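Novice: Sending over a structure as structure tokens; questions will come in a sec.
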Amino acid sequence: MKIEKSEYLFQKSQRIVPGGVHSPVRAFRGVGGVPRFIQSASGVELEDVDGNRYIDFCMSWGPLIFGHQEPEVLEAVQMALKRGWSYGTVEPYSLELAELMVQILPWLEKVRFVNSGTEAVMAVLRVARAATGRKKIVKFDGCYHGHVDSMLVRAGSGLAEMASPDSAGVSARVAEETLVVPLNDLNQLEKVFQIHGQDIAAVIVEPIPANNGLLLQKRNFLQDVARIARSHGSLVIFDEVITGFRVALGGMAERAGIEPDLATYGKVIGGGFPVGAYGGRADLMDWVAPQGPVYQAGTLSANPVAMTAGAAMLKKLKRENPYSRLEKDTEQLADALELLGKKLEFPMRVQRFASLFWIIFGKVETEDDTIRSQLETPTAHKSIYAKIFHALLDRGIYLAPSAYEVSFLSTAHRECDTQKLVELMGEAILEQR
Ligand SMILES: *Cc1c(COP(=O)(O)O)cnc(C)c1O
């Protein structure tokens, strides 16, 4: 495969952009090699600047549940552009998206739009602190909540729950306000609440942890988290940036039958445009300015083009409800891949949920064959994934370029696309011998 132009552009980019990228994982550091500069995308296909084509299973990291250039979204955006693309005023387009959201999510009484998932998390934590008058936030090790300072932390080395910064530039003081507990260990969560209960404003959780692999939790995990938090007067925040409108129309809250106090959204609700949102109980959201004293604002918030794209997306999702079909297709793909692994005697597991899937290489050595926390990921996984990723990339398959990121199916993927992945996975595996 010829990648001269990507190589040239990556070199050029590295001179004027940190690491050559605007978001770290795009640099392919986890899998090595040269990231492909994509010049266009349509349906399930990416085309790079050298003219190579790939079947995309990354789908812009989740937003594109209907694939690239979905015609209804495209048309809505083209019409929106003709009306001008930013007014800095109130406008009807965000109202339509807000109405769709509160209709679909009955417990979401009020919502505020921002420009990214990160921004939504940042604001929602501020609201939780203000409304409860408490300082600390509990997060789970292995859950990602964007690059908010207080969320860029890991479990400290001393007292298990005391967090320390996980990024340079995050102050220890900020990290101290976050308590980190492991996934799949409710005793630890109970303990942290027993010690710090009165100081804990909220627990924030990815209702399906999907940013360090797909870490499937046991059945009553979310119920237990909510019960423990609420028994201490703390709020429950679902970070549904990846799961919202992706795992069901009502996201993971609907699937789990839990009403979070507050939730964050992003990815799918922008249809591929920069949109984030946070919302929940009206009494909590009324803390937000100008109604309340919690300041939060944005020059480009509720951008009319992005809002129109989001509304087109949600209307189509509501009308077509593609979730059971997507889930069935993902199940078939996962089963076919696992069967292939067995046939070729190559250790490969596929953990899936709705249309998210995570391919794991190496021997999984947990009780029930399921990886529920990062620590359980086989040590061989990362290096095998890197090799398989490149073997597939050379054959025209674009998986998530990281061993710890999930891949996605969209409604644009047809059976021939998933079959192609299975077939080429066979070749990629044989090449490892
Ligand atoms: C992607 C993601 C974020 C961050 O959203 P950005 O739009 O990248 O800032 C936050 N939380 C979760 C669960 C996510 O998947």
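Novice: I'd like the distance separating the alpha-carbon centroids of the stretch 268-283 and the stretch 291-355, in whole Å.
Specialist: 15
Novice: Net charge within 12 Å of R281 by Cβ-Cβ distance, Lys/Arg positive one each and Asp/Glu negative one each, not counting R281 itself?
Specialist: Combined, the nearby Lys, Arg, Asp and Glu give -4.
Novice: What translational diffusion coefficient, to the nearest whole µm²/s, does the chain have by Stokes-Einstein, given a Kirkwood radius computed over alpha-carbon pairs, a temperature of 10 °C and 1.306 mPa s viscosity?
Specialist: 71
Novice: Let me ask you something else. At 0.36 nm per residue, minus the direct Cα-Cα distance, what do S171 and D286 gain on full extension? Give it in nm, one decimal, please.
Specialist: Roughly 38.4 nm would be gained on extension.
Novice: If you bin the C-alpha pair distances of the stretch 1-91 every 10 Å from 0, what whole percents do you get?
Specialist: Pairs per bin, as whole percents: 14, 34, 31, 18, 3.
Novice: Using the structure shown, select from K218/K382; K363/K387; K191/K218; K218/K318; K110/K135 the pairs with a Cα to Cα distance greater than 21 angstrom.
Specialist: With Cα atoms farther than 21 Å apart: K218/K382; K218/K318; K110/K135.
Novice: Could you go through the stretch 28-39 in sequence order and give the Karplus-derived ³J(HN,Hα) for each residue, using 6.51 cos²θ - 1.76 cosθ + 1.60 with θ = phi - 60°, rounded to whole Hz, and x for Gly and Pro?
Specialist: 6, 4, x, 10, x, x, 9, x, 8, 7, 8, 9
Novice: Name the shape class, rounded, prolate or oblate, that the alpha-carbon gyration tensor gives for the stretch 11-164, where a ≥ b ≥ c are the square roots of its eigenvalues, rounded holds for a/c under 1.5, and otherwise prolate holds if a/b is larger than b/c and oblate otherwise.
Specialist: Oblate is the answer for the stretch 11-164, as a/c is 1.5 or above yet b/c matches or exceeds a/b.
Novice: Let me ask something additional. Pick from V294, V406, V181: which residue has the top mean-square fluctuation in a GNM of the chain where Cα pairs under 10 Å get a spring?
Specialist: V294
Novice: Sticking with this structure for a sec: Got a sec? How would Y404, Y295 order by Cβ neighbour count within 10 Å, fewest to most?
Specialist: Ascending Cβ contact count within 10 Å gives the list Y295, Y404.
Novice: Something else now. How much length would be gained if the chain were fully extended between D368 and L81, taking 0.36 nm per residue of separation minus their Cα-Cα distance, in nm to one decimal?
Specialist: 98.1 nm
Novice: Taking the Cα atoms of the stretch 254-408, what is the range of coordinates along each of the three principal axes, in descending order and whole Å?
Specialist: So the extents along the principal axes, rounded to whole Å, are 61, 33, 29.
Novice: Now, a different point. Counting Lys and Arg as +1 and Asp and Glu as -1, each charge on the Cβ, what is the dipole of the chain about the Cα centre in debye, to the nearest 20?
Specialist: The calculation lands at about 520 debye.
Novice: Right, next: Magnitude of the Cβ-charge dipole of the stretch 81-240, K/R +1 and D/E -1, about the Cα centre, nearest 20 debye?
Specialist: 220
Novice: Additional query: How much length would be gained if the chain were fully extended between Q198 and S231, taking 0.36 nm per residue of separation minus their Cα-Cα distance, in nm to one decimal?
Specialist: So the chain would gain 10.8 nm between Q198 and S231.
Novice: What is the dipole size for the stretch 337-388, taken about its Cα centre, with +1 at each Lys and Arg Cβ and -1 at each Asp and Glu Cβ, in debye to the nearest 20?
Specialist: I would put it at about 280 debye.
Novice: Moving on to the next point. Looking at the chain as a GNM with Cα springs under 10 Å, which of V77, V203, V21 has the largest mean-square fluctuation?
Specialist: V21
Values in this text are rule-based calculations from the coordinates and carry no lab data. On a predicted model such as this, the values are computed, not experimentally measured, just so you know. FYI the Cβ positions are ideal-geometry reconstructions off the backbone, even for glycines, and counts take in every protein chain you see.
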